[in-house]
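The values are calculated or read from the model by the stated rules, or taken from the named source; none is laboratory data. All values derive from a computational prediction rather than experimental measurement. Because the Cβ atoms are built from the backbone with ideal geometry, glycine has one as well, and the counts that use them run over all protein chains shown.
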Amino acid sequence: MAKVLIVDDSRTSRKMLRNVLENNGHVIVDEAMNGQEGVQKFQACKPDLVTLDITMPIVDGVEALKMIRAFSSDVKIVMVTAAGQKSKMIECIKLGADEFITKPYEPGEVARVVESLLS
């Protein structure tokens, strides 16, 4: 069971991710609507895993990834991407992202990615 922080500007996406993760026994410690809020909540919650949407207002997922990695090299970070964000994905790998999941979510894929990172 991992403590998870979900960072996504889409309420529907956060709810779907929450459902999949909770159904797999994880605890959602908090949610954030943009990268700036996500970084603040990361520092407060100290989660085991963070899901970061790449495209968000104020601070996007790429910048939030940089900031979170500055605080912790241990936390597992899963980037959430829409189709066609290949260059952003490559940038995120270079910045220390652990894994990717694609919208729309396939619950089995989300569970597999999270379990592989936490095992």
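Looking at Val20, is it at negative phi, touching a Pro at 6+ places or on another chain (Cβ under 6 Å) and among the β-branched types (Val, Ile, Thr)? Yes: the conditions hold for Val20. Within the option set Val29, Val4, being under 14 Å from Lys76 (Cα atoms) and modelled with pLDDT of 95 or more holds for one residue only, Val4. When Leu5 is tested against (1) touching a helix residue (DSSP H, G or I) at 6+ places or on another chain (Cβ under 8 Å); (2) surrounded by fewer than 19 Cβ atoms within 10 Å (Cβ to Cβ); (3) hydrophobic (A, V, I, L, M, F, W, C); (4) outside any helix (DSSP H, G or I), just one condition goes unmet, and that condition is (2). Scanning segment 65-88 for residues that are closer than 21 Å to Leu118 by Cα, of a type in the set (A, V, I, L, M, F, W, C) and outside any loop (DSSP other than H, G, I, E, B) returns Leu65, Ile68, Ala70, Phe71, Ile77, Val78, Met79, Val80.
Of the residues making up segment 25-35, at least one is assigned to a helix (DSSP H, G or I) and touching a helix residue (DSSP H, G or I) at 6+ places or on another chain (Cβ under 6 Å).
Look at segment 70-97: where a residue is on the phi > 0 side of the Ramachandran plot and a partner is surrounded by fewer than 20 Cβ atoms within 10 Å (Cβ to Cβ) and not in a loop (DSSP other than H, G, I, E, B), sitting 6+ places away or on another chain with Cβ atoms under 6 Å, you get Gly96/Arg69.
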